[in-house]
Amino acid sequence: MEKYLVGGAVRDTLLKLPIKEKDWVVVGSSPQEMLSNGYEQVGKDFPVFLHPENHEEYALARTERKSGRGYTGFTCHTDPSVTIEEDLYRRDLTINAMAYDTHGNLVDPYHGRRDIQLRLLRHVSHTFNEDPLRVLRVARFAARFAHMNFTIAPETLMLMQQMIHELLFLSPERVWIETKKALITNNPQIYFIVLHHCGALKILFPEFNTLFDTPDLVQQNTPINTENLTMMMLTKIACLTDDINVRFSILCRDLGKPTLLNNKKKRIKHHDYRKSGVPLINNLCNRLKIPHEICNFAKIVSEYHDYLYNIETLTPKMLMKLFNVFDCWRRPKRLEQIILISQSNTLRYTNHNDYLYNQTNFLHTAFSITKKICIADIIEDGFTGINISKELQARRLHALNIWKNKNK
């Protein structure tokens, strides 16, 4: 029995990044031997075992043969004769196809260390195109390692472009898992830009494809380095927070807007403009089974995003509307999320620090004023039932009006 540390742990060691988890491959063993040594089997499709003490995953070396559609359409073969080189051959990228033996020697049959030095995401073999999930994984790795100047090898990007016909066989849950992982990277915009460039965006995320295909929002001659407004704001928000609700809401903020803006023959009511993205967000979230909390927050931002910029110009009535629709009194965290979304837009401008401070201070002050209105005082004044909430709203609005008038 020989044990090898494989995959991400090896890659991240060479990149001098923190190792989040360790995966192992065992060569020259069998399920019976692993069980007799105290390992607990957890894999159904192929033998994967948990170490009896540290619970790290140990998989028997295996090969794979394409036997169906999608990323699950594989027949796995495990045998003590399968070598570590054969096991690594089935992996997606060369930087993920390396191993360390128990003596610390690097096993690198497909030149992953060279590609790390070249900062290239390159496929291991021609079998790359057998798994459509790899299109999303490569896009996600491009986002994850963009800050280290990694790019996709041209031949790998070409393969990705040829694989998009199988993307519809991916499960919605798996698409969302990869997308969620990409959204929490330092450069989530790269994920969507890569998917657009290889043709996957229009298949998996047709709602987002319209953002890139609108001439008013895109420099068409630079598909990889586009200054798409949504992508620019996603870049900025990634510098401010890793809150998945905020990041996803920025991504969905302008859904439906390009279609309305380009329809010059139709007069657009402001209400229609604000609500144009909500059905698209609903369709997207239902299709990919995105959690309700993330979906609902994105819909609110899409509908009321015009409230979230130039906050100082909001009237007391509009401020109350903002606090109500975001449910800020019961969820104070929402106030900070509103501020972050506002900042993602103003960061486009060169001289924005004073502007940001003023908007943030304005919103904190306004919310603090409304929070000082005490329900106990309203009840003590004799209000009951539904009249308590009505009076609470009226007093909060009155307090904001006094504050705004003093600061004119």
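Values in this text are rule-based calculations from the coordinates and carry no lab data. Predicted model only: the values in this text are computed from it and were never measured. Methodologically, a virtual Cβ is constructed for each residue, glycine included, from the backbone with ideal geometry; neighbour enumeration extends over all protein chains shown.
A few notes on this one:
- Calculated FRET value between Asp101 and Phe169, using beta carbons and R₀ = 41 Å, to 0.05: 0.65
- Think of each Lys and Arg Cβ as +1 and each Asp and Glu Cβ as -1; about the Cα centre, that makes the dipole of region 1-111 roughly 420 debye.
- Among the GluC sites (Glu not before Pro) in region 13-42, those placed in a DSSP loop whose Cβ has at most 13 other Cβ atoms within 10 Å are Glu21.
- Hydrodynamic estimate: the Kirkwood radius of region 1-126 over Cα pairs, inserted into Stokes-Einstein at 25 °C and 0.890 mPa s, corresponds to D of 162 µm²/s.
- About the Cα centre, charge dipole magnitude for the chain (Lys/Arg +1, Asp/Glu -1 at Cβ), debye: 2280
- Within a Gaussian network of the chain (alpha carbon springs, distance under 10 Å), most fluctuating of His55, His165, His123: His55
- Three-way shape call for region 308-408 based on the alpha-carbon gyration tensor, with the a/c threshold at 1.5: prolate
- Dipole of the chain, positive end: most advanced residue of Ile190, Pro316, Ala366 [Cβ charges, Cα centre]: Pro316
- Label separation (Val42 vs Thr75): 2.8 nm, computed from points 7 Å beyond Cα along the C-beta direction.
- Shown for the chain: cysteine residues without a partner Cβ closer than 4.7 Å, namely Cys76, Cys198, Cys239, Cys252, Cys328, Cys374.
- Tilt relative to the chain, helix 229-240 - C-alpha long axis, 0 to 90 degrees, to 10: 80
- 10 Å Cβ shell holding at most 16 others, DSSP loop, chymotrypsin sites (Phe, Trp or Tyr not before Pro): longest site-free stretch of the chain: 1-308
- Positive-end extreme of charge dipole, the chain - chosen from Leu167, Ala139, Asn407 (charges on Cβ): Asn407
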